[in-house]
Each structure stands twice: as C-alpha cells, then as structure tokens.
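Encoded as structure tokens, the structure appears first; notes follow it.
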Amino acid sequence: MSDRLQDASGTFDDVEAVVQAAGTGERLGRGAKAFLVLGGRTLLERAVEAMRAIARDVMVAVPPGDVERARELCGSSAVVVAGGATRRETLCLLMDAARAPWVVLHDVVHPFVTPGLARRVLEIARTRGAAVAAVRSTSSAYHGVAGRGTTRVAPGELWLTRKPWAFRRDAFARGLAGPGDPHEGVGGFLTRAGEEIALVPAEPWNVKITTAEDWQLAEAIERGLRPV
C-alpha cells in the first residue's frame, strides 16, 4: 500500500468509510443496534473509531428518527445521514453520497473490527480489486435447501464473510447498474461488475450481532478481550 496516500494522522486521503447503522434491531429486541453499549461504548462509537483510523472521511447511516442522537454521539468524527427502509437501500444511499475512489464498508453489527483488520482488507483490495474480512470454518458444514437434501462442505472450504469490505467506488456503480436480487449485498454488486473478491482472514471473534444469543456472545467476548 502506497505510503504517499497517508496523511499525518495515518489515514488515507483516497479512502472513505461508510458505516451501516440503520438497523432497528427487531430480532435482537433491544432497540436500534447503533446505540447498544458494549464495553462502555455504543456500537456506533466503536465502528466510527475503527474507521477514523484509516479513512479521512466517515459517513454513517442510522434510523431516520435517530439522526440527531447519532450526531451528538459522533460529533465531528462522522457525517450522519438517515438510512433507508432496507439494508440495500441504506447501502445505496451511502454509496451515492460517497466521493472517494476507494470505499471501506463497515457495519455496527460487527463490534470487534479493528483498524488493523481494516487496513489489511484495504491493502488486499488495492492489489486484487475488492476484499472482505472472512472467518474460515474449521468444521465440516452442510448446505441444505428445503426438499432438496444436503451437500457436505469439508472442513476449511467454507468461509463466513464479515466486515469490513474494501472496493473501488466505480466498481460498485457498475454492479448496481445491472439487474440483480433486491436483497443482495455488496458482494453481489461487485461480482456482477466483474471484480475478483479476495478473502482476508479475520479473527474468529469478529462476530455479527443479530439475535439475543449473539449479544450474549459479544458480551462474553468483550470481557475476554479486556486487558488483565
């Protein structure tokens, strides 16, 4: 990664970070995820802090009714906008407002992303086109579709994508222009744009918070990661 792109703070002037934080947390049952407190900080604050370490500009999308609350939390660290009705709509709103050549995409539901991981993902994306953090399964798995049986996946062959992603903004725009599933994520757009997606190994505790059980796991991980 070219050092000439870094400013005095260590961030990269050709990179913008966008953070999805508009989830209402219905399955979790604790209210909007952005404002849940883990280890003394909200998930929103954790996400913005990690992204500020690599990107000069950070933009976050939160539920429309929580914009002012989020702005008070973020201060000058991030631009806060209202998210859309769906995850895809929120992603498109953020990407439409992005201006830098490179984008790092994060989500508050991944509270253990570090600046180091984000830098690794960005570095690989610069050489391969696009990259995403992923956790490799060490157990066998089964791919199953109702009524169609199952297919075994051998240990080590399955990767679970996490955040962050890193990719060129123009690649996302090319993928968005084509037909696609209205529920697809950024990987679908980039694949349709012809981008190779590199998998960057992440720590196994880079979990995603969706359910009440996920929250309990995140709390246990947070306690385990605290300095002794």
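The values are calculated or read from the model by the stated rules, or taken from the named source; none is laboratory data. Everything numeric here is computed off the predicted structure, so don't read it as measured data. Every residue, glycine among them, receives a Cβ derived from its backbone with ideal geometry; neighbour counts consider all protein chains shown.
Only one of Arg126, Arg152 is part of a helix (DSSP H, G or I) and of a type in the set (D, E, K, R). Can you tell me which?
Arg126
For Gly144, state whether it is farther than 21 Å from Gly39 by Cβ, surrounded by fewer than 16 Cβ atoms within 10 Å (Cβ to Cβ) and either in contact (Cβ under 8 Å) with a residue 24 or more places away in the chain or within 22 Å of the chain's Cα centre (by Cα) (or both). No.
Of all residues in the stretch 100-116, how many are in a loop (DSSP other than H, G, I, E, B) and either modelled with pLDDT under 95 or farther than 13 Å from Arg168 by Cβ (or both)?
Of the residues in the stretch 100-116, the ones in a loop (DSSP other than H, G, I, E, B) are 100-101, 108-114.
Going one step further and asking which of them are either modelled with pLDDT under 95 or farther than 13 Å from Arg168 by Cβ (or both), we end up with 108-114.
Residues flagged as in a loop (DSSP other than H, G, I, E, B) and either modelled with pLDDT under 95 or farther than 13 Å from Arg168 by Cβ (or both) within the stretch 100-116 amount to 7.
Restricting attention to the stretch 157-178, the residues that are in contact with a Pro (Cβ under 9 Å, 6 or more places away or on another chain) and among the acidic types (Asp, Glu) total 1. Screening the candidates Glu16, Glu68 for the property of being modelled with pLDDT of 95 or more, out of contact with any Leu (no Cβ under 9 Å at 6 or more places or on another chain), farther than 26 Å from Glu222 by Cα and surrounded by 15 or more Cβ atoms within 10 Å (Cβ to Cβ) yields one hit, Glu16.
Somewhere in the stretch 26-39, is a residue of a type in the set (A, V, I, L, M, F, W, C), surrounded by 19 or more Cβ atoms within 10 Å (Cβ to Cβ) and within 15 Å of Ala118 (Cα to Cα)? Checked against the condition, which is being of a type in the set (A, V, I, L, M, F, W, C), surrounded by 19 or more Cβ atoms within 10 Å (Cβ to Cβ) and within 15 Å of Ala118 (Cα to Cα), the stretch 26-39 yields no hits at all.
Report, by residue number, each residue of the stretch 186-203 that is among the small types (Gly, Ala, Ser) and surrounded by fewer than 16 Cβ atoms within 10 Å (Cβ to Cβ). Lay out the reasoning, then the answer.
Restricting attention to the stretch 186-203, the residues satisfying the condition of being among the small types (Gly, Ala, Ser) are 187-188, 193-194, 198, 202.
Result: Gly194, single match.
Tell me, please, whether a residue that is among the polar types (S, T, N, Q) and part of a helix (DSSP H, G or I) can be found in the stretch 72-84. Give the steps one after another, and end with the answer.
Of the stretch 72-84, the ones among the polar types (S, T, N, Q) are 76-77.
From what's left, part of a helix (DSSP H, G or I): 76-77.
Scanning the stretch 72-84, I find at least one residue that is among the polar types (S, T, N, Q) and part of a helix (DSSP H, G or I), so the answer is yes.
Of the residues making up the stretch 71-98, just one is crowded, with 23+ Cβ neighbours inside 10 Å and either among the acidic types (Asp, Glu) or touching a Lys or Arg at 6+ places or on another chain (Cβ under 6 Å) (or both), namely Val80.
Suppose the filter is out of contact with any Cys (no Cβ under 9 Å at 6 or more places or on another chain), in contact (Cβ under 8 Å) with a residue 12 or more places away in the chain and either within 15 Å of Ala21 (Cβ to Cβ) or surrounded by fewer than 18 Cβ atoms within 10 Å (Cβ to Cβ) (or both); does Val109 pass it? Here the answer is yes, as Val109 does meet what is asked.
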